[in-house]
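Encoded as structure tokens, the structure appears first; notes follow it.
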Amino acid sequence: MIIPSLLTVVLASLVGTSFAQGSTPIVYDSIHNATVIVGTWSSGSKAVQTGSGFAAPANMTFNYPKTTGISYSFSADGFYEIARYRFNSNGSEPTCITGVIGWVHGTYTLNTNGSISMVPLGDGFQQIQDPCAANSNFVESYNLTEYYQSWRIFQDPTQGFKLHMFQFDGSPLAPQFLVSATPNMLPTENLLTAASSSSVSRRSEPEPVTTSNAPEALGRHWTKSAISAGVLVLVSATVSLL
């Protein structure tokens, strides 16, 4: 049996490694993982980054970055956030380039076989722009459970720590570089539900009543009713005398 190194124990405690999957536990050592996965990572020019500057889930809108890319953030207590902005080419119609921008967050598990499982909180969304489609610009929900076959962190001699992630079929994502050891993320809750609850609370608040005006308004209403009743009595008495 291989005795886990101190680095293995520290990494496992930071990211909450799950022992539910895999028969051969991955060894988190300095050769394959130069640092912990916790933090915010971004590809290419690093223009795409998670956090408040990218998406507004409450109204399902985006702040478009200057260039395309991806960004992943991981917290030490098991939450993740993903920001993506990309263009998809069309081989049969070269002019029909589709733009996709998306945001999602949820909880993640580092499995013992070296994979990552990600389960969304349910408020993810994406915007798709396709000039050749009948509906050329629309926003839809995006809440798919994602599985990454493996991941590795290396030390790049010029750009620092570099994260490599491989999708369920083994295809690699664009390499991402560590931009912040502290994850830059939106609140780790369903933000659509939170926004809806806040809106309902505001609508359910009673209209304020000014104490000084309430008796005055009631007095006016009572005076009108009394006058109407008096007129009715006077008319009835007149009719009886006739």
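The values are calculated or read from the model by the stated rules, or taken from the named source; none is laboratory data. Remember, it's a predicted structure, so these values are computed and weren't measured experimentally. All Cβ positions, even for glycine, are placed from backbone atoms using ideal geometry, and neighbour counts span all protein chains on display.
Just the residues that are in a loop (DSSP other than H, G, I, E, B) and closer than 23 Å to Asn190 by Cβ, please, taken from segment 49-70.
Gln49, Thr50, Gly51, Ser52, Gly53, Phe54, Pro57, Ala58, Asn59, Met60, Asn63
Do you know which residues across segment 108-137 are over 18 Å from the mean Cα position of the chain (by Cα) and without any contact (Cβ under 8 Å) to a residue 40 or more places away in the chain?
Gln129, Asp130, Pro131, Ala133, Ala134, Asn135, Ser136, Asn137
Name the pairs whose Cβ atoms lie under 8 Å apart, with the first residue in segment 48-68 and among the basic types (Lys, Arg), the second part of a loop (DSSP other than H, G, I, E, B) and surrounded by 15 or more Cβ atoms within 10 Å (Cβ to Cβ), and 6 or more positions between them or separate chains?
Filtered contacts from segment 48-68: Lys66/Ala47.
Might you let me know whether segment 138-154 holds any residue that is at pLDDT below 95, assigned to a helix (DSSP H, G or I) and among the hydrophobic types (A, V, I, L, M, F, W, C)?
So far as segment 138-154 goes, no, none of its residues is at pLDDT below 95, assigned to a helix (DSSP H, G or I) and among the hydrophobic types (A, V, I, L, M, F, W, C).
Among residues belonging to segment 155-176 that are in contact with a strand residue (DSSP E or B) (Cβ under 7 Å, 6 or more places away or on another chain) and part of a loop (DSSP other than H, G, I, E, B), point out the one that is modelled with the lowest pLDDT.
Gln159
Looking only at segment 155-170, count every residue that is closer than 17 Å to Val27 by Cα and either surrounded by fewer than 15 Cβ atoms within 10 Å (Cβ to Cβ) or not hydrophobic (A, V, I, L, M, F, W, C) (or both) and tell me the total.
1
Listed residues Ser71, Ser92; which is closer than 18 Å to Ala181 by Cβ and either of a type in the set (Ser, Thr, Tyr) or modelled with pLDDT under 95 (or both)?
Of Ser71, Ser92, the one residue that is closer than 18 Å to Ala181 by Cβ and either of a type in the set (Ser, Thr, Tyr) or modelled with pLDDT under 95 (or both) is Ser71.
Do the conditions hold for Tyr85, that is, is it crowded, with 17+ Cβ neighbours inside 10 Å and of a type in the set (Phe, Trp, Tyr)?
The answer is yes for Tyr85.
Looking at this structure, is Ser115 touching a Phe, Trp or Tyr at 6+ places or on another chain (Cβ under 8 Å), over 25 Å from Lys46 (Cβ atoms) and buried (at least 18 other Cβ atoms within 10 Å of the Cβ)?
yes
Residue-by-condition table, conditions (1) farther than 19 Å from Leu173 by Cα; (2) not small (Gly, Ala, Ser):
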{"site": "Ser45", "(1), (2)": "no, no"}
{"site": "Ile82", "(1), (2)": "no, yes"}
{"site": "Asn90", "(1), (2)": "yes, yes"}
{"site": "Val119", "(1), (2)": "no, yes"}
{"site": "Gly124", "(1), (2)": "yes, no"}
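Of the residues Ile37, Ile31, only one is assigned to a loop (DSSP other than H, G, I, E, B), modelled with pLDDT under 95 and under 22 Å from Thr112 (Cβ atoms); which?
The conditions single out Ile31.
Does segment 151-161 contain at least one residue that is over 15 Å from Thr40 (Cα atoms) and of a type in the set (Ser, Thr, Tyr)?
So far as segment 151-161 goes, yes, one or more of its residues are over 15 Å from Thr40 (Cα atoms) and of a type in the set (Ser, Thr, Tyr).
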